[in-house]
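Novice: Next up is a structure, given as structure tokens.
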């Protein structure tokens with residue numbers, strides 16, 4: 001019996017990544033996921049979100065024994081108590097987190113060793129839209145600026161190509177760049 005050791009690069013099990021991609025190519029239905037969250041208002045601008053189960057890879061996932069708990073609030077200048085980042089700051093986190101995963105996983109698949117990877121993001125927002133004080137100012141970000149730094153022994157051209165590919169395939173960047181239908185229902 002052959003005992004094969006898994007190949008890891010950038011903390012990613014490359015063998016498992018390749019197997020997963022192959023399985024999805026054979027059965028595209030296992031690529032369909034549904035993620036969920038539950039948010040409850042606490043007080044003032046403070047809310048608490050729990051995230052635990054999700055549907056994916058052909059079934060309900062129940063491997064998380066404990067939920068993730070995310071606190072959301074506003075800074076004092078926006079009448080909050082700073083129990084956590086506000087929602088638009090969380091969007092910046094989600095974008096950077098998604099780009100990180102995409103960059104590291106794709107680098108590993110291409111055999112590129114990454115020594116370090118960092119993102120700095122800034123989002124410009126005008127409260128006139130959120131407060132309903134202007135019909136011409138949108139309530140969300142006007143723009144998001146992102147700078148990334150990567151240390152690797154790979155040539156710069158290869159890193160730039162990798163970054164471009166990650167931008168094309170990032171779910172969160174796609175959500176931000178393209179309208180997503182959202183249905184909202186009030187229930188008793």
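All of the numbers you see were taken from the coordinates with simple rules; none came from a lab. For clarity, every value in this text was computed on a predicted model and none was experimentally measured. Cβ coordinates were reconstructed from backbone atoms using ideal geometry, including for glycine residues, and neighbour counts include every protein chain displayed.
Novice: Does region 63-113 come out rounded, prolate or oblate, given a ≥ b ≥ c as the square roots of the eigenvalues of its C-alpha gyration tensor, rounded meaning a/c under 1.5 and, failing that, prolate meaning a/b above b/c?
Specialist: Oblate, since a/c reaches 1.5 and b/c is not below a/b.
Novice: Specify the angular offset, from 0 to 90 degrees and rounded to the nearest 10, of the alpha carbon long axis of helix 156-169 from the longest principal axis of the alpha carbons in the chain.
Specialist: Compared with the principal axis, the helix lies near 60 degrees.
Novice: Further question: Given an 8 Å cut-off on Cα distances and at least 6 residues of separation, report the relative contact order of the chain as a percent.
Specialist: That works out to 15 percent.
Novice: Which value results when the Cα radius of gyration for region 9-84 is divided by 2.2 N^0.38 Å?
Specialist: 1.60
Novice: While we're on this one: Could you check how many percent of all C-alpha pairs in region 85-179 are farther apart than 16 Å?
Specialist: 60 percent
Novice: Additional query: May I ask for the percentage of alpha-carbon pairs in region 132-188 that lie more than 15 Å from each other?
Specialist: That tail contains 70 percent of the Cα-Cα pairs.
Novice: Output the direction-averaged projected area (hull surface divided by four) of the convex hull of the alpha-carbon atoms of the chain, in nm².
Specialist: 15.7 nm²
Novice: I've got another one for you. Grab the beta carbon distance between residue 64 and residue 161, set R0 = 30 Å, and tell me the FRET efficiency rounded to 0.05.
Specialist: Efficiency for this residue pair is about 0.30.
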